[in-house]
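> Structure incoming, see below.
Where a number appears in this text, it was derived from the coordinates with a stated rule and is not lab data. No experiment lies behind these values; they were computed from the predicted model shown. Note that we place each Cβ from the backbone using ideal geometry, even for glycine, and neighbour counts take in every protein chain shown.
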Ligand SMILES: Cc1cc2nc3c(=O)[nH]c(=O)nc-3n(C[C@H](O)[C@H](O)[C@H](O)COP(=O)(O)O)c2cc1C
């Protein structure tokens, strides 16, 4: 029986616990560079007791950014900007992951202050790309990638992963969820290609499988590789759980170590009824049917709830997002609530006492 504060090992990385910070866009990068905001923000989770801090969706090429304020790891200079955060987390025994992303047809937006409106060329935006020239709701029509351009993307993902490992990241996660490029490829709703990267299940999943396989081959044996997927499009004719189980089996074979199970993001008006732990059953089904470790995410806010998910074998680890924005020391709080004795950073230790 697993528990929240049990260590967890994937390849040569041991996480001190199973509470992980879910990747969250901060819209605070400048020209793709992370900076002081990220240092303080990510540092707060590192001191807050998370076993792993996963950096937000980070584009493998500049045009893969979701917004003009999203980070990229397009070259060594951009990669080096993460180093102070990685070093700081490591001094607290916290593993650092990076979510490698390409936004595809949902790229090129402005900041929250501009209500995430489309960034036109004159406002720092760019032409978005996608498997097919099918626009996402409210977005401009994307450029349909050529077969050659797709093959170059595999190379871009690999180069980004290698840079990430070189700068010190412990874990690589491929972002293939939430309606971004790799999800656009595997969902029949966004991919109507007729070449090798479209058509049937095999064709539509080809790009993600190639990316995962190529990254696995180029990063060190000991570095865990995770993939975040959307396990369902939440509509009848879209991607579904059966597809996700099949995909997870294939990803396991090419060397993926954990499936980070989320849902949605590809259909703007999909009928999603979110409630506490609503995505957990998808993580459980994939864990059982594809026999691969999974993480659960989505409206997991209470320590007892998270503990129950692990104890009952519904998932292997928990990603916390919004609850961590409210309280970056969520794991420290959880340890007190569950009565589990863990080390706090000495600077915070007096916070345990009430008077
Ligand atoms: C501000 C914000 C930014 C997010 N950015 C990302 C992201 O970069 N990558 C990602 O996979 N999910 C992203 N998400 C989704 C979260 O990682 C998480 O899956 C979702 O919020 C559900 O978990 P929660 O109920 O604990 O918030 C974001 C969520 C929020 C609130």
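> Mind computing the radius of gyration and Dmax over the alpha-carbon atoms of segment 295-352? Å is fine for both.
For segment 295-352, the Cα radius of gyration and maximum Cα-Cα distance read 12.1, 35 Å.
> Same structure again: Tell me the Kirkwood hydrodynamic radius of segment 1-145 in angstroms, computed as one over the mean inverse distance between distinct C-alpha pairs.
By the Kirkwood definition, the hydrodynamic radius is 16.3 Å.
> Based on alpha-carbon centroids, what's the gap between segment 272-310 and segment 197-215 in Å, whole number please?
26 Å
> Angle, helix 201-218 long axis vs. longest principal axis of the chain, Cα atoms, 0 to 90°, nearest 10?
50 degrees
> Run the helix sum for the chain: -39,500 (n - 2.57) per DSSP H stretch of 4+ residues, divided by residue count, reported at 222 nm to the nearest 500 deg cm²/dmol.
That calculation yields -10000 deg cm²/dmol at 222 nm.
> Could you quote the convex hull projected area for segment 198-355, Cα atoms only and averaged over all directions, in nm²?
Its average projected convex-hull area is 11.9 nm².
> If one computes P(r) from the Cα atoms of segment 127-209, what percent of pairs lie at distances over 22 Å?
That fraction is 28 percent.
> Have a look at the DSSP beta bridges in the chain and tell me what percent are antiparallel, nearest 5.
Here the antiparallel bridges make up roughly 10 percent for the chain.
> I need 116, 137, 183 ordered by Cβ neighbour count within 10 Å, fewest first.
Fewest-to-most Cβ neighbours within 10 Å comes out as 137, 116, 183.
> Further question: Apply the Debye scattering formula to the chain, with a single equal point scatterer on each alpha-carbon and no solvent, then give log10 I(q)/I(0) at q = 0.14 Å⁻¹.
-1.15
> Given N residues in segment 164-275, what is Rg(Cα) / (2.2 N^0.38 Å)?
With N residues counted in segment 164-275, Rg over 2.2 N^0.38 Å equals 1.08.
> What is the order of 232, 120, 47, fewest Cβ neighbours within 10 Å to most?
Going from least to most buried by this count: 120, 47, 232.
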